[in-house]
Every structure is written in C-alpha cells, then in structure tokens.
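Written out below as structure tokens is the structure these notes cover.
Each reported figure results from applying straightforward, stated rules to the coordinates on display, with no laboratory input. Just so it is clear, the model here is predicted, and its values are computed rather than measured. Every residue, glycine among them, receives a Cβ derived from its backbone with ideal geometry; neighbour counts consider all protein chains shown.
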C-alpha cells in the first residue's frame, strides 16, 4: 500500500517552455502532498506544501509564479514549471501524507521526474 | 537555522557486516524521525521511523536508535547486503509544521563483496 506515482519520469524541453509534472497517490487519499527538488549528490529541498482544495504554501526562495502547484483532488497534485530555463534542470520528487491519519506524519515518495531544460 | 546533519558522507561496509549510519539533529522540538533509502534515479523509500517517546525501534534487519540527550539518531543495518547500497537520509518533523520534513545531507552506503 501507500504507492505514489509520478508522470513523466523523464522530460526534456526547450528553454522558455512550460512542463507539467503529475503526482498521484494510487491506493490512498492524500490531504497533503509535498514537492521537492534534488540536485545531483544533494539532499531533498522542500519547495512547497500542497493541500487539497487550497493554495499551496511555498518555501522561502521558491517562486510561486514559476512553480505552479495545483491539488485538485485527494489523489492528484501537479507541478508546472513555467518558462523553464537550464537552471531549472533537476530531479523533482513529490510525496504524499495519508489523509485522516493523525497518528503518523509518514510521507510516501514518488519515483521522481528528471527534468532537463536545453 | 537549525538543520539535520550527518557525520559521514560515505560509508563502505563489507557484505555480511553490520552498518551504522549516524545523524545529528539540532532542533530539540522535533518529535518524529524517519530514515529513507534512495537508490540512484529513484525516489526515497521509507525504511523505518521513530517517535521521540521511544529510544529504539526495530524492523526487519534494521534498527533505529534515538538519543534525545545528545540529539543523535542512528540507523543500524544487520548483515548488510549488496542491495543495501544506496544513499540514506534521516528526516525530522517538528510539531505544528503540518508534516513537513527536514532532510539531512545523506550518507552513501557502499557494500563491498
């Protein structure tokens, strides 16, 4: 149980274009989803917290107009990188917390999306 | 600011030996800790967690120890196997932060034959 998927797994785009990444909880409902980015050989850095039906909360230094997050249902959150540039190239990972389970804060992670901006 | 950190960036262990990966955390308010395993090109995989009201928790071949006095967390892997080779991250959660996790810098575990 507690499986999270991401699509696509890899994407290559031209500079200036926008890319959408989907995060789905497959066998559970997730009130909260998180988006991270990870540069090579570095740790995960939280970008934003996404709650179903409300606006995402962005971490300091993360541009909300550049990284658009939508959490339209309890099983789907999307991250759109707008006007992507080479410096946005990174590994983007989402995670989800089980809805309604106040006894645990465990996050289950997706497999990640490798974004390369040319 | 406060952060979670690790003592050893790379740990090399012979197959069959036990591995110990350490983590130091600085936020005394943290009450929930998780160890994740990340293989190359994949997302983090949950290994084991522990709450601050415990000092030890065991899973299958893994044990997490928590020492709140010195704010130290460790992951012990028994009979290390080649499949255990990965980067291991500890993460902490601070109460009232809506399940947000702060990740440590990571330790690469290399299992030699």
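Results, tabulated for the structure shown:
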quantity	calculated
Residue order, fewest to most surrounding Cβ atoms within 10 angstrom, among B:70, B:87, B:62	B:70, B:62, B:87
Gaussian network model of chain B, springs between alpha carbon atoms under 10 Å - residue of B:67, B:22, B:93 with greatest fluctuation	B:67
FRET efficiency, 1/(1 + (r/R0)^6) with R0 22 Å, evaluated for residue B:112 and residue A:5 via beta carbons	0.05
Calculated FRET value between residue A:39 and residue B:10, using beta carbons and R₀ = 25 Å, to 0.05	0.90
Footprinting exposure proxy for B:33, A:34 (fewest neighbouring C-beta atoms within 10 Å first)	B:33, A:34
Alpha carbon convex hull of the protein assembly as shown, volume per residue in cubic angstrom	124 Å³
Kirkwood hydrodynamic radius of the range A:6-118, from inverse mean 1/r over distinct Cα pairs, in Å	14.1 Å
Exposure proxy order (Cβ contacts within 10 Å, fewest to most) of B:46, A:91	B:46, A:91
Angstrom value of the Kirkwood radius, inverse mean 1/r, which spans all Cα pairs in chain B	14.1 Å
